[in-house]
């Protein structure tokens, strides 16, 4: 992202494609930067889900709840029941499946050919995540 922004500012391009990924679930523990030279106390942070390096001022002003914690807080604050959440999730999956069937975003998707194990080739032209009929009883709190 920063490279694309710099290129646009420098006049190296008018339109650039930039992207990135984040996988905090693959970084369960990290050690923060020392606050002083030769610091003997190294604080470890559990980052299986949540923040890696907590800025105390940011934590004080905004909090550092993870997205699941935020969802739970909002549900409690607005009295959204688990049944309502499950019904919303089901409707969302059904709408997504219907949109795929009707080609709503077909013009936005560029098919990609992926080479798999042992030379198998797969053409990916739709999002494979949405489930046509997610079973209600498989949803768990």
Checklist line | Output for region 54-85, where each listed residue is over 30 Å from residue 43 (Cβ atoms) and surrounded by 12 or more Cβ atoms within 10 Å (Cβ to Cβ) | finding: 75, 80, 84, 85
Next item on the list: Output the residues belonging to region 88-134 that are assigned to a helix (DSSP H, G or I) and surrounded by 13 or more Cβ atoms within 10 Å (Cβ to Cβ).
Entry: 89, 90, 93, 94, 96, 97, 99, 100
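No value in this document is a laboratory result; all are computed from the given coordinates. Predicted, not measured: the structure shown is a model, and the values here were computed from it. Every residue, glycine among them, receives a Cβ derived from its backbone with ideal geometry; neighbour counts consider all protein chains shown.
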